[in-house]
Amino acid sequence: MTVKQDEVSSLGDDAYSWLVTAITSFQLPANAQLSENRLAQEIGVSRTPVREALRRLEAEGLVRRGENNRFTVSLLTPKELNEACDLLILLDTYLFTRASHAMSTEDARVLEGLAEDMVVAAERSDPDAWARADTAFHEVILRAADNDTVADIARVTRRRIQRFWNRSLESSTRLPSCSHEHQVIARAVARGQRDEVEAAVTDHINHMRTSVAAILQVAGSVLGSGRS
């Protein structure tokens with residue numbers, strides 16, 4: 001690979017990271033049209049790395065290419081939401097169970113501490129602090145599970161749902177109960193019982209499924225899904 005190709009790849013990674021942050025934080029909302037020229041100017045790169053990043057995001061389901069070959073930010077369909085949640089139940093059950101068998105006592109304490117941080121953030125009605133603790137909670141699990149292939153799939157799958165989930169939390173009464181669910185998961189992981197872990201993970205993801213379905217129904221009625 002030439003130096004120039006290395007530079008393009010690096011810039012493509014930068015553009016990808018910028019776009020992921022913008023999409024998952026709703027700076028670029030669902031169904032927003034994406035102009036390669038405008039994005040290149042805003043990110044400070046040429047169109048080539050932007051196009052590379054958009055293709056990666058298309059493969060991950062965060063953007064879609066229309067008939068006019070223009071990209072838009074994806075709005076999940078109910079079917080896609082259900083498929084993603086079903087997959088997450090399988091992935092997280094595996095990862096959390098695997099982590100429970102390899103996790104150090106210190107990591108277990110960190111996990112329980114992060115669940116407690118979520119409780120505190122919920123009490124303070126601080127969804128941003130809650131989301132940071134939630135991200136850290138899952139990263140502790142992924143590091144302990146030590147399976148990069150499955151972890152990458154789980155991150156991409158969760159990302160498709162998480163942007164709507166985080167948005168729903170801004171005005172949701174679900175923060176306290178969701179924090180409790182993370183405490184239940186942390187305790188199940190500490191005990192290392194697969195059945196207990198699977199039940200806690202399934203309960204949590206199904207509640208997430210219900211909350212995201214509600215916000216998608218509202219978003220769909222306002223924006224239209226753009227798909228049949």
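Numerical summary
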{"read-out": "Where Arg56 falls short, out of the listed (1) closer than 30 Å to Asn147 by Cβ; (2) in contact with a Lys or Arg (Cβ under 6 Å, 6 or more places away or on another chain)", "value": "(2)"}
{"read-out": "Neighbours by Cβ (under 9 Å, 6+ apart or cross-chain): first from region 81-106, touching a residue at least 12 places away in the same chain (Cβ under 8 Å) and farther than 14 Å from Ala186 by Cβ; second surrounded by 14 or more Cβ atoms within 10 Å (Cβ to Cβ) and of a type in the set (Asp, Glu)", "value": "Ile89/Glu198; Thr93/Glu198"}
{"read-out": "Restricting region 27-62 to residues that are farther than 16 Å from Val73 by Cβ and among the aliphatic types (A, V, I, L, M), the residue that is most open to solvent (accessible area, probe 1.4 Å)", "value": "Val45"}
{"read-out": "Residue in region 93-114 that is out of contact with any Pro (no Cβ under 7 Å at 6 or more places or on another chain) and at pLDDT below 90 present", "value": "no"}
{"read-out": "Yes/no for Arg51 being over 30 Å from His182 (Cβ atoms) and without any contact (Cβ under 8 Å) to a residue 12 or more places away in the chain", "value": "no"}
{"read-out": "Residues located in region 194-219, provided they are touching a residue at least 60 places away in the same chain (Cβ under 8 Å), surrounded by fewer than 18 Cβ atoms within 10 Å (Cβ to Cβ) and closer than 25 Å to Leu111 by Cα", "value": "Arg194, Thr202, Asn206"}
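The values are calculated or read from the model by the stated rules, or taken from the named source; none is laboratory data. For clarity, every value in this text was computed on a predicted model and none was experimentally measured. Cβ: placed from backbone, ideal geometry, glycine included. Neighbour counts: every protein chain shown. In case anyone asks, the SASA skips ligands and DNA or RNA and just uses the protein heavy atoms, side chains included. Shrake-Rupley method; radii C 1.70, N 1.55, O 1.52, S 1.80 Å.
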